[in-house]
Amino acid sequence: VFWQVLQPFVNWLGATSLGTWLGESTDRVAWLFVFHLFGLTLLLGTTIVMSLRLLSLALRSYPIAQLTRDLAPWRTAGLLLSLTSGGLIFTGGAAGYYEGQWFRLKMTILAVALIFNFTFFRMVTRADDGRFSPLFNKLTGCVALLLWFGVGAAGRAIAYF
Amino acid sequence: MFAGFAIMFLSGGLLFWSHALKCYQSNYFRAKVALLLLAGLNILVYHLTIDRRSEEWGKAATPPLPARISGFVSLVLWFSIIAVGRIFAYHL
């Protein structure tokens, strides 16, 4: 039902002049994918470093809150770049993407990942060391990695299935 | 970092193997391999030169110019590798 509600919007989006302009050229979409990869490199790269720190598998002598502050601009840039380029890629083939099971799975995991990111992950990665228990930190790091890698894996599957 | 390298090397090697001849004859593929070798060369030079004296500057807010050049070259090369690799898939 949820997916049906958005269907008219998707149809409209794909039929806009931007949608048809993007959809008619493989080259334009190819370059959008390059920027999508740049964005996710920044987002996943910084997420991995922060999560490994939460799991105390890397940068153990670096306070987590400081690491988060130092990486924040790059991580935000990565998120914005991924979302913008992803949105444009979708606009270039909206109806086709929209009916795909892998696309829907990706959007579902992405929604969960974003909510998790701006709640638990944000809270834990900005806290002073010792504020949360090591187990809670590790759990947060694990969940963040699973969610973002899930988004990536489901996204890759869209192209093949 | 070594884990990442191992995964990339193995999965990339298998992807190449599945279309070896087509890959090898593609200019995009050759450009990508050349860029990868340059990235390796860049980090080798870094480790053999300025990194040898990292105790002197490791805690400085701004590392010396050669170290910053290595970092910049590394970023440019790796982002180029991503771009070439992605465009390559459209010309296979």
Practice task
Give me the pairs, please: first residue somewhere in segment A:27-50 and at negative phi, second residue anywhere and outside any helix (DSSP H, G or I), beta-carbon distance under 8 Å, and either six or more positions apart or on two chains.
Solution key: A:D27/B:Y90; A:R28/A:G92; A:V29/A:G92; A:V29/A:G93; A:A30/B:Y90; A:L32/A:G92; A:V49/A:A58; A:V49/A:L59
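Every residue in segment B:58-73 that is in contact with a helix residue (DSSP H, G or I) (Cβ under 7 Å, 6 or more places away or on another chain) and part of a helix (DSSP H, G or I), please. Give the derivation first.
We begin by selecting, within segment B:58-73, every residue in contact with a helix residue (DSSP H, G or I) (Cβ under 7 Å, 6 or more places away or on another chain); these are B:63-64, B:66-67, B:70, B:73.
Of everything in segment B:58-73, those that are in contact with a helix residue (DSSP H, G or I) (Cβ under 7 Å, 6 or more places away or on another chain) and part of a helix (DSSP H, G or I) turn out to be B:P66, B:A67, B:S70, B:V73.
When only residues in segment A:26-60 that are hydroxyl-bearing (S, T, Y) and within 12 Å of another protein chain (Cβ to nearest Cβ) count, which is surrounded by the fewest Cβ atoms within 10 Å (Cβ to Cβ)? Outline the logic, then answer.
Keep residues of segment A:26-60 that are hydroxyl-bearing (S, T, Y), which gives A:26, A:41, A:46-47, A:51, A:56.
Next, from what is left, pick out any that are within 12 Å of another protein chain (Cβ to nearest Cβ): A:26, A:41.
On the way: A:T26: 11, A:T41: 17.
Across segment A:26-60, the extreme among qualifying residues is A:T26.
Checking the conditions here, which among B:V76, B:V45, B:V84 is assigned to a helix (DSSP H, G or I), farther than 28 Å from B:W17 by Cβ, under 15 Å from the mean Cα position of the chain (by Cα) and within 14 Å of chain A (Cβ to nearest Cβ)? Write out each step before concluding.
On the way: B:V45 fails: within 14 Å of chain A (Cβ to nearest Cβ); B:V84 fails: farther than 28 Å from B:W17 by Cβ.
After applying the criteria, what remains is B:V76.
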Handout entry: Residue within segment A:62-74 that is within 13 Å of chain B (Cβ to nearest Cβ), closer than 21 Å to B:G4 by Cα and not aliphatic (A, V, I, L, M) present
Key = yes
Exercise for the section: State whether one or more residues within segment A:105-120 are outside any helix (DSSP H, G or I) and in contact with a helix residue (DSSP H, G or I) (Cβ under 6 Å, 6 or more places away or on another chain). Expected result: no
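Rundown of residues vs (1) modelled with pLDDT of 95 or more; (2) surrounded by 11 or more Cβ atoms within 10 Å (Cβ to Cβ); (3) among the charged types (D, E, K, R), yes/no style:
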| residue | (1), (2), (3) |
| --- | --- |
| B:G4 | no, no, no |
| B:L15 | no, yes, no |
| B:L36 | yes, yes, no |
| B:E55 | no, no, yes |
| B:A60 | no, no, no |
| B:P63 | no, yes, no |
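Listed residues B:K32, B:K22; which is basic (K, R) and within 14 Å of chain A (Cβ to nearest Cβ)?
Numbers: B:K22 fails: within 14 Å of chain A (Cβ to nearest Cβ).
The match here is B:K32.
Scan segment A:1-17 for residues that are over 23 Å from the mean Cα position of the chain (by Cα) and within 19 Å of A:T84 (Cβ to Cβ) and report the count. Walk me through it before giving the result.
First, pick out the residues of segment A:1-17 that are over 23 Å from the mean Cα position of the chain (by Cα): A:1, A:4-5, A:8, A:11-12, A:15-17.
Filter again for within 19 Å of A:T84 (Cβ to Cβ), leaving A:16-17.
The number of residues fulfilling the criteria is 2.
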Practice task
Restricting attention to segment A:112-136, report how many residues are surrounded by 12 or more Cβ atoms within 10 Å (Cβ to Cβ) and within 13 Å of the chain's Cα centre (by Cα).
Solution key: 6
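The values are calculated or read from the model by the stated rules, or taken from the named source; none is laboratory data. Since we're looking at a predicted model, the values are computed, not measured. Glycine also receives a Cβ, built like all others from the backbone with ideal geometry; neighbour counts cover every protein chain displayed.
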